[in-house]
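Notes to accompany the following structure.
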Amino acid sequence: MAWILLNSDNVVIQKQPDAAEGFIEVSNTVICGQIKQSDGTFIDPTKSAEDMLSDLRDERNVRLVETDWWASSDLTMTSAQTTYRQDLRDITKTATSVDDVKWPTKP
């Protein structure tokens, strides 16, 4: 078990393995930033639109990095590869989070 310290808004602000005065014992799955609900469970706070867009960009960037080798100077990208990479770059024009995105199909 772990121990946490909550602020006045019931948000976990500190977690440590050893008990200390003012700390509450919780399961090891609770992490800093979560909110303690009235039933004693913990939830993640709602993400802002900016956070969701950041998550989308992070996932998009991972997918672009996976295909960076296609753009090596000794290779020529196919039309499908070029379109795929451009569609990834344009994904934030239509989607606002990872949950509502329709990812292009990797050729």
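Odds and ends about this structure:
- Of the residues Leu75, Leu56, the single one that is aliphatic (A, V, I, L, M), farther than 30 Å from Gly33 by Cα and surrounded by 10 or more Cβ atoms within 10 Å (Cβ to Cβ) is Leu75.
- The residues of segment 1-15 that are β-branched (Val, Ile, Thr) and either surrounded by fewer than 17 Cβ atoms within 10 Å (Cβ to Cβ) or touching a Pro at 6+ places or on another chain (Cβ under 9 Å) (or both), listed by number, are Val11, Ile13.
- Single match in Ala49, Ala19 (criterion: closer than 16 Å to Ile91 by Cα and modelled with pLDDT under 85): Ala49
- Top-ranked residue in segment 97-107 [being assigned to a loop (DSSP other than H, G, I, E, B) and touching a residue at least 24 places away in the same chain (Cβ under 8 Å); ranked as farthest from Met52 (Cα to Cα)]: Pro107
The values are calculated or read from the model by the stated rules, or taken from the named source; none is laboratory data. Keep in mind the model is a prediction, meaning the values are calculated, not measured. Glycine also receives a Cβ, built like all others from the backbone with ideal geometry; neighbour counts cover every protein chain displayed.
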